[in-house]
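Here is the structure we will look at.
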Amino acid sequence: MRYVQGNKMTAFILVIAAFLLLLPFVYESRNLFILLTQIFVFAIFAMSYDLLIGFTGIVSFGHAMFFGIGAYSMGIFMKKFEPTLTYFFLAVLSTIVLTALVSFIVGLLTLRLKSHFYAMLTLSLSGLFLVLAEKWRTMTYGNDGFTFRVPEFFIDRTHFYWLCLCIMVAAFLFLKRFTNSPLGRVLQAIRENEQRTESLGFQVLHYKIAASVVAGVLAGIAGILYAISLRFVNTSVFSMDITLDALLMTIIGGVGTLVGAIIGAGLIEFAHDWLTELAKEHVIFERWIIFFGIIYILVVMFFPKGIVGTFGTITSKRKKQPAVKRKEKVAG
């Protein structure tokens with residue numbers, strides 16, 4: 001039953017993706033496409049975080065370090081060298097190598113720790129990258145950050161919109177296959193009961209590190225796209241706020257669903273944009289973060305398992321009710 005539901009959800013996502021792919025041909029709005037591009041970027045980042053918290057049970061407060069590595073890799077390559085596609089691909093390759101290496105080392109050093117001990121250590125390691133970006137001014141220009149040029153292909157916002165959409169869909173399909181693979185099933189077993197999984201003979205640490213590496217690489221790719229969208233990078237990409245955004249998107253959409261991460265990214269980015277626009281209309285909305293907090297509290301109250309998780313629970317209950325009634329009739 002869960003497999004069928006998963007296929008239906010995947011088909012639904014692909015239909016929506018096809019609609020979004022054709023949208024620029026029938027509708028023109030620069031602001032809308034910029035907003036949708038941001039949603040695609042943060043959806044990739046949120047899905048990478050969902051792999052950790054939703055499918056492996058790992059709570060990380062330092063996931064922004066991989067996002068920041070991707071942003072700075074792209075920015076430094078485009079700043080120091082000619083903004084060509086060759087250097088773009090070199091930046092992508094360096095990001096994949098760096099994020100995989102860092103996530104492997106961080107996982108090896110920290111994943112033996114449990115729950116909040118691991119979370120606090122990842123937060124401190126992310127802080128080290130933030131300090132490094134602040135102090136290494138010859139390379140990062142410190143808190144001021146720096147602008148950079150991008151290849152001509154990315155100057156056209158429509159082209160960049162399509163690229164981000166395609167990468168988001170590819171990331172979703174990859175993670176869907178990954179989480180449904182034997183490795184992904186072991187990760188979910190670790191989430192449910194780590195001690196029992198270990199007693200069955202699985203090397204739990206190895207599987208956790210594998211999840212950490214995959215999540216880190218995807219977060220780095222999201223950082224690359226984020227930097228290109230702004231053509232600017234500074235130390236904010238290593239801030240705790242970036243990780244909290246991914247956490248909120250995952251929780252609001254539904255932990256352990258992947259689709260929920262995409263929906264959560266869409267809701268948060270739309271709410272942020274909407275409340276920011278309202279701030280221009282009335283002074284009360286200048287403190288938009290308060291209203292944003294209220295929206296978040298309401299979502300958590302009415303959708304305790306996230307939007308996708310709650311609707312999934314309701315749907316499964318409705319399907320079970322006819323089956324129970326049929327059994328009662330047969331027994332009667």
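The values are calculated or read from the model by the stated rules, or taken from the named source; none is laboratory data. Computed from a prediction, not measured in an experiment: that's the story for all the values here. Note that each Cβ is placed from the backbone with ideal geometry, even for glycine, and that neighbours are counted across all protein chains shown.
Can you tell me which residue within the range 24-43, out of those that are out of contact with any Gly (no Cβ under 8 Å at 6 or more places or on another chain) and β-branched (Val, Ile, Thr), is nearest to Val169 (Cα to Cα)?
Pass one, the range 24-43, residues out of contact with any Gly (no Cβ under 8 Å at 6 or more places or on another chain): 24-38, 40-42.
Within this subset, residues satisfying the condition of being β-branched (Val, Ile, Thr) are 26, 34, 37, 41.
Details: Val26: 21, Ile34: 18, Thr37: 13, Val41: 11 Å.
In this case the residue turns out to be Val41.
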Scan the range 1-32 for residues that are closer than 11 Å to Thr158 by Cα and at pLDDT below 85 and jot them down.
-> Glu28, Ser29, Arg30
How many residues of the range 55-75 are over 24 Å from Val255 (Cβ atoms), touching a Leu at 6+ places or on another chain (Cβ under 7 Å) and of a type in the set (A, V, I, L, M)? The answer is 1
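Test of understanding: among Ile44, Ile34, Ile105, Ile76, which residue is among the hydrophobic types (A, V, I, L, M, F, W, C), within 15 Å of the chain's Cα centre (by Cα) and in a helix (DSSP H, G or I)? Even if it seems obvious, please write down each step before you answer.
On the way: Ile34 fails: within 15 Å of the chain's Cα centre (by Cα); Ile105 fails: within 15 Å of the chain's Cα centre (by Cα); Ile76 fails: within 15 Å of the chain's Cα centre (by Cα).
Of the residues listed, the single one that is among the hydrophobic types (A, V, I, L, M, F, W, C), within 15 Å of the chain's Cα centre (by Cα) and in a helix (DSSP H, G or I) is Ile44.
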Counting just the residues of the range 108-140 that are outside any helix (DSSP H, G or I) and without any contact (Cβ under 8 Å) to a residue 24 or more places away in the chain, which one comes out farthest from Gly57 (Cα to Cα)?
-> Trp136
Search the range 141-154 for residues being more than 24 Å from the chain's Cα centre (by Cα) and in a helix (DSSP H, G or I), and hand back the single one that is farthest from Leu35 (Cα to Cα).
-> Gly142
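Of all helices (runs of 4 or more DSSP H) completely enclosed by the range 232-332, which ones contain at least 1 residues that are modelled with pLDDT of 90 or more? Spell out how you get there, then give the answer.
Details: elements: 240-253, 259-281, 288-302, 306-331.
Hits in the range 232-332: 240-253, 259-281.
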Consider Leu35 against the criteria (1) among the hydrophobic types (A, V, I, L, M, F, W, C); (2) at pLDDT below 90; (3) touching a Phe, Trp or Tyr at 6+ places or on another chain (Cβ under 9 Å): it satisfies all of them except one. Which criterion is unmet?
-> (2)
Considering only residues that are surrounded by fewer than 18 Cβ atoms within 10 Å (Cβ to Cβ) and small (Gly, Ala, Ser), look in the range 95-118 and name the one that is nearest to Ile224 (Cα to Cα).
-> Ala100
Kindly indicate whether any position in the range 157-165 is within 20 Å of Phe66 (Cα to Cα) and either of a type in the set (A, V, I, L, M, F, W, C) or surrounded by fewer than 19 Cβ atoms within 10 Å (Cβ to Cβ) (or both).
-> yes
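Quickly run through the range 193-212 and pick out the residues that are closer than 17 Å to Gly54 by Cβ and within 22 Å of the chain's Cα centre (by Cα).
Step one: of the range 193-212, the residues closer than 17 Å to Gly54 by Cβ are 193-194, 197, 207-208, 210-212.
Matches in the range 193-212: Tyr207, Lys208, Ala210, Ala211, Ser212.
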Residue in the range 119-156 that is farthest from Tyr207 (Cα to Cα), counting only those that are crowded, with 18+ Cβ neighbours inside 10 Å and of a type in the set (S, T, N, Q) | Thr140
Whichever residue in the range 194-231 is out of contact with any Ser or Thr (no Cβ under 9 Å at 6 or more places or on another chain) and part of a loop (DSSP other than H, G, I, E, B) and, among such residues, is nearest to Ile69 (Cα to Cα) | Gln203
Going through the range 236-278 one residue at a time, which ones are buried (at least 22 other Cβ atoms within 10 Å of the Cβ) and polar (S, T, N, Q)?
-> Thr243, Thr250, Thr257
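Taking Met78, is it buried (at least 24 other Cβ atoms within 10 Å of the Cβ), over 29 Å from Ile268 (Cα atoms) and not acidic (Asp, Glu)?
On the way: buried (at least 24 other Cβ atoms within 10 Å of the Cβ): yes; over 29 Å from Ile268 (Cα atoms): yes; not acidic (Asp, Glu): yes.
For Met78, the condition - buried (at least 24 other Cβ atoms within 10 Å of the Cβ), over 29 Å from Ile268 (Cα atoms) and not acidic (Asp, Glu) - is met.
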